[in-house]
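Structure first, then comments.
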Amino acid sequence: MEMRGTDLKKRGRLRMGQIGVMATLLLATGPAPAFGAPSTISVTNPLMLRFGTFAVPSSGFREVSASGAVSSAGIFALSSAGTGPARFTLQYDRGNNSKRRVDVTIDLVFSTPSAFAQGGLTARLSRYQSDIPGYPSIAPGQIVRVQLDNCLQRVCSMSFNLGGRLDVDRSFGGGNVAIPIPVDAVLVSER
């Protein structure tokens, strides 16, 4: 088969065109540009709500306020040590290293905790109390709106205390009562 000069030129252009198109496709399907990490919210509970050690003849309660004040009825306190409110830390990680000032609004919801039951002992947690400005008492399921204003760092945070009331019914036995406090956090706005 004999090739003429014009055929070679056409073939050369065609091959160059194909290589050019392939290179363009490879560039278009290459790695996506890097974007900053998305923002995240976390709530940690470094200190649990602590009611101390007490005996309950049949039924009673102990209440620990957000400031740590303790009141009770129907129980025999065995020790005044070991009581205190729960401590929570709310953190907002903006996900990038931007230095611009942001005001963040977050909604918190404390759910109704499950009842504790062990042998002849049952306990229920209720009457949340907090030191969050504007929310001295919190009902389970209530939306608690908090502000993290003037956030200039990558991670901004706030800590708060939460107290509550533990109602205990006892027919026999005893035990250590541990009831986790479920909390959800949702980002409302970042301005």
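In table form, for the structure just shown:
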{"quantity": "Within-13-Å neighbourhood charge of residue 140 [Cβ basis; K, R +1; D, E -1]", "calculated": "+2"}
{"quantity": "Ordering of 61-67, 119-125 by packing [mean C-beta count within 10 Å, highest first]", "calculated": "61-67, 119-125"}
{"quantity": "Surface accessible to a 1.4 Å probe, per residue, for the residues of the stretch 40-190, Å²", "calculated": "51"}
{"quantity": "Kirkwood hydrodynamic radius over Cα pairs of the stretch 40-190, then Stokes diffusion coefficient at 25 °C and 0.890 mPa s, in µm²/s", "calculated": "147"}
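The values are calculated or read from the model by the stated rules, or taken from the named source; none is laboratory data. This is a predicted model, so every value here is computed, not measured. For neighbour counting, all protein chains shown are included, and Cβ atoms are generated from backbone atoms with ideal geometry for every residue, glycine included. What goes into the accessible areas is simple: the full protein's heavy atoms, side chains included, and nothing from ligands, DNA or RNA. Shrake-Rupley method; radii C 1.70, N 1.55, O 1.52, S 1.80 Å.
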